[in-house]
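Trainee: Structure provided below as structure tokens; questions to follow.
The values are calculated or read from the model by the stated rules, or taken from the named source; none is laboratory data. These numbers come from a predicted model, not from an experiment. Glycine also receives a Cβ, built like all others from the backbone with ideal geometry; neighbour counts cover every protein chain displayed.
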Amino acid sequence: MLVDVTGRELDREGMIKMPLNLDPRQGTDWKATLNAALGKLNELDGQACKLNANAGRYIRPMMLVQVERTGKDQRDNKYIHAEDVKDWLLTAGFDEAEIAIKTAEQNDLNQPENQDLLSPLNRVRVIITKQALQEGWDCPFAYVLCALAASSNLKAMTQLVGRILRQPHALKTGIAALDECHVITHHAATADVVDAIKNGLEQDGLGDLVLQISQDDSSSAKKVARKIKRRPEFEKTEIYLPKVMRADDGDLRELDYETDIVSAIDWRGFEPKDIAARIPDNAQAAESQLQRIKLADDGDELFVGEVVAANSETLAFDAAHAVRMISDIVLNPFVGMEIVGNLLKALKRRGFDDEKLGRLASLIIEELGKGLDAERTARAEKLFKDDGDVVQGTLILMSEWKAKLPDYLADG
């Protein structure tokens, strides 16, 4: 070994963002985790605008989003897909130019060719990937890693941490928020994530910020249909599958859940009192797991982790953002704004002031989404049962579905 550059030396030279803040989210809704990460990105963007105005130094904070699936033929409701995340971000107010997908099949970072992510003319704020950024890619404007696949691919998440460590221009800004980085994970054990990040960084030594890892990306793997033989006793049995039909002007067609049921739900007059009652008013319980990983001053251990207090910065509840977050359930934005307004009124009657509403904005939107989803299911069931145009119990021979069966069989 000719040269050994330690992490502490890199930090003293202003080359890396430290400490690293870890926020492990334990909820089951990945959209709530992504919403929390987006809130952090917007907070950093505000600090970057102040820096540019005061010191003339341009930084555009960016977020990396790690998903579970990226292949075109792998989009379903079982895994978090890159296109699902992109659709959510578009709903949240982003446009196409601000989102890039980087996979083995798709590379938006080369459209146009070889984008300069550090240019003030570039607009990319979010890069969605599975593991294609792990080797040979570096962008010091990357501040936030939203690991939606941490629980299923902890190793890839650990290696992606290296992509958000580099400090812009290798020069500290003097603004704490812009000299640190953030990892927000979805439904992963806190202790496992902390250990994985610490071990990964210690093994790398921070001497070389380009992590040497495998480029194995199975996102392009295709499913292969396989035949399943019947058991002898059912070999000659005719099998029928149920098919729900709807009568339109005397003609029968297949029932479409989104078009025929969901779009017909009338949300006018909905009172979210029960949803408001379920939202806890104790902010500390939701924030107590925030972890801070920093360089040790001395001793053998390079990194030390600690639980830190919540951010004391005053945040405001953005009602328009909340309406966009529920727009996949409540399709009419005017009705959505009425529901959000009624929810805020109910919370204020419970003692929630503006400061608490801002601090718990992510939790409030998450609980509102859960409550509306449950209500949508109940209302959809009632509409289905009361719809006189739905013909239930129609059966068709399996032979008519043979064309679709290979897709189902390939899923096992």
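Trainee: Here are the criteria: (1) within 30 Å of Asp256 (Cβ to Cβ); (2) exposed (fewer than 13 other Cβ atoms within 10 Å of the Cβ). Tell me which single one Arg379 does not satisfy.
Mentor: (2)
Trainee: Quick one: is Ala104 assigned to a loop (DSSP other than H, G, I, E, B), assigned by TED's automatic domain parsing to the domain that holds Ile184 and either at positive phi or aliphatic (A, V, I, L, M) (or both)? Don't jump to the end; show me each part of the working.
Mentor: Working: assigned to a loop (DSSP other than H, G, I, E, B): yes; assigned by TED's automatic domain parsing to the domain that holds Ile184: yes; either at positive phi or aliphatic (A, V, I, L, M) (or both): yes.
Against the criterion (assigned to a loop (DSSP other than H, G, I, E, B), assigned by TED's automatic domain parsing to the domain that holds Ile184 and either at positive phi or aliphatic (A, V, I, L, M) (or both)), Ala104 qualifies.
Trainee: Could you grab the pairs with beta carbons closer than 6 Å, sequence gap of 6+ or different chains, first residue in segment 367-378 and free of Cβ contacts under 8 Å to residues at least 60 places away in the same chain, second one surrounded by fewer than 20 Cβ atoms within 10 Å (Cβ to Cβ) and small (Gly, Ala, Ser)?
Mentor: none
Trainee: With the structure loaded, tell me whether Leu201 is in the same structural domain as Asp23 (by TED's automatic domain parsing) and at pLDDT below 80 or whether it fails that test. Don't jump to the end; show me each part of the working.
Mentor: Numbers: in the same structural domain as Asp23 (by TED's automatic domain parsing): yes; at pLDDT below 80: yes.
Yes: the conditions hold for Leu201.
Trainee: In segment 152-179, which residue that is out of contact with any helix residue (DSSP H, G or I) (no Cβ under 9 Å at 6 or more places or on another chain) and not aliphatic (A, V, I, L, M) is modelled with the highest pLDDT?
Mentor: Ranking the candidates gives Asp179 first.
Trainee: Hey, another quick one. When only residues in segment 356-399 that are among the hydroxyl-bearing types (Ser, Thr, Tyr) and either more than 21 Å from Met245 (Cα to Cα) or within 35 Å of the chain's Cα centre (by Cα) (or both) count, which is modelled with the lowest pLDDT? Show your work before the answer.
Mentor: Start the filter on segment 356-399 by keeping residues that are among the hydroxyl-bearing types (Ser, Thr, Tyr), which leaves 362, 377, 394, 399.
Filter again for either more than 21 Å from Met245 (Cα to Cα) or within 35 Å of the chain's Cα centre (by Cα) (or both), leaving 362, 377.
Details: Ser362: 78, Thr377: 91.
This residue is Ser362.
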